[in-house]
Structures are given as C-alpha cells and as structure tokens.
1. Using the Cα centre of the stretch 3-144 as the reference point, and only Cβ charges (+1 on K/R, -1 on D/E), how large is the resulting charge dipole? Debye, rounded to the nearest 20.
2. I want to verify a result. In a Gaussian network model of the chain, Cα cutoff 10 Å, which of these has the top mean-square fluctuation: Q50, Q131, Q20?
3. Have a look at L90, L29, L43 and tell me which one the Gaussian network model of the chain (Cα, springs below 10 Å) gives the largest fluctuation.
4. Relative contact order of the chain, please, whole-number percent, based on alpha carbon pairs below 8 angstrom and at least 6 residues apart.
5. Sequence neighbours fewer than 8 away in the same chain don't count; with that in mind, list the aspartates and glutamates whose C-alpha is under 19 Å from K107.
6. The chain: D in µm²/s via Stokes-Einstein (Kirkwood Rh, Cα pairs, 20 °C, 1.002 mPa s)?
7. Ordering V124, V134 by how much accessible area each has at a 1.4 Å probe, largest first, what is the list?
8. Roughly how much of D31 is accessible, in Å² to the nearest 10, using a 1.4 Å probe?
Amino acid sequence: MTKTILILNGPNLNLLGKRQPEIYGTGTLDDVHSACAEKARELDLEIDFQQSNSEGELVDLIQGANERCAAIIINPAAYSHSSVAILDALNAYDGPVIEVHISNIHKREAFRHHSYVSARADGVIAGCGTQGYVLALDRVAALINT
Ligand code: DHK
C-alpha cells in the first residue's frame, strides 16, 4: 500500500512568492506542492499537503496523522520559535518528523535561532530554499523504507 506523508506549512507560507522574496524566493506554495507531488511520484509515496495560519489547526492536523501518515514534514514557520503545543502534538506522533525552514534561520535574527520543533525532529533542513521540502521527501523515504 502506498504510504502517505503529511506535509504541513505554518503561518504566512500561503504568501510564498509575494512575501519577502529576497528571503523566501519567488516560488509560490502551489509550486512547492507541485514539486513535492512530482518527487513523491518518483518515490512511490502519496502526499497530503496542508497549510494553516492557525496553531490549533496545525495541532489537529498532526493529531490526525497518527496511524494515517507514515511521516510528517513540517515547516512550522513562526510557530517554530514559540509553539510548545505543536511540539507536544509531534511528541504524541509515532513516525519520523523532518523540520524544514526555507531560509537559514541561524543566519537571521537571534529569536529565530531556537526552534521548539527541533527537540522532536529527526532531521532539520534550513537554508536550502523551497528545495528543502523535496530533500525532506528523500530523507523520509530513506527512513520509512529501512
Ligand atoms: C518561515 C517563517 O515564516 C519564519 O517565521 C521562520 C521560516 C523561518 C522559513 O525559513 O521557512 O522564522
């Protein structure tokens, strides 16, 4: 049976392409979705690609992934730096978790250097632009196929 990977995007990522393109690039979230769908086909995976500006909705989506999704790829965006609720939800999830940041958060303001989600993530990709999502799918495939 084809395995499903939940790809979660946090607040303001719906504005990709328009929002600070010098930091986040000119590609839209739809472009990221398409690139992930193409990579998933190559890897024989399915994706459930979601974005929410709401912390509670992200928590609900993570809770819904248990037993349904083989792994989670998450860009928590600003909630990386503030959300114990998202960390707790991920701690209640059994599969691999890969955290993605489009920008290199360590090269930016000090408040972006710490991510609560990194305490749970099995891997973290930062500063690879939106290609980070595609790299994360490769990593997830390696983890769930071993
Ligand atoms: C996206 C955001 O919206 C910021 O709040 C994070 C992250 C960085 C990113 O690089 O994808 O600090």
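1. Here the stretch 3-144 has a charge dipole of around 420 debye.
2. Of Q50, Q131, Q20, the Gaussian network model singles out Q20 as fluctuating most.
3. L43
4. Relative CO of the chain lands at 27 percent.
5. Once the sequence-local aspartates and glutamates are set aside, what remains near K107 is E22, E99.
6. For the chosen part, D equals 143 µm²/s.
7. Sorted descending by solvent-accessible area, the residues read V124, V134.
8. Estimated to the nearest 10 Å², D31 gives 80 Å².
The values are calculated or read from the model by the stated rules, or taken from the named source; none is laboratory data. Everything quoted here is computed from the prediction, not taken from an experiment. All Cβ positions, even for glycine, are placed from backbone atoms using ideal geometry, and neighbour counts span all protein chains on display. Heavy atoms of the whole protein, side chains included, go into the accessibility calculation; ligands, DNA and RNA do not. Shrake-Rupley method; radii C 1.70, N 1.55, O 1.52, S 1.80 Å.
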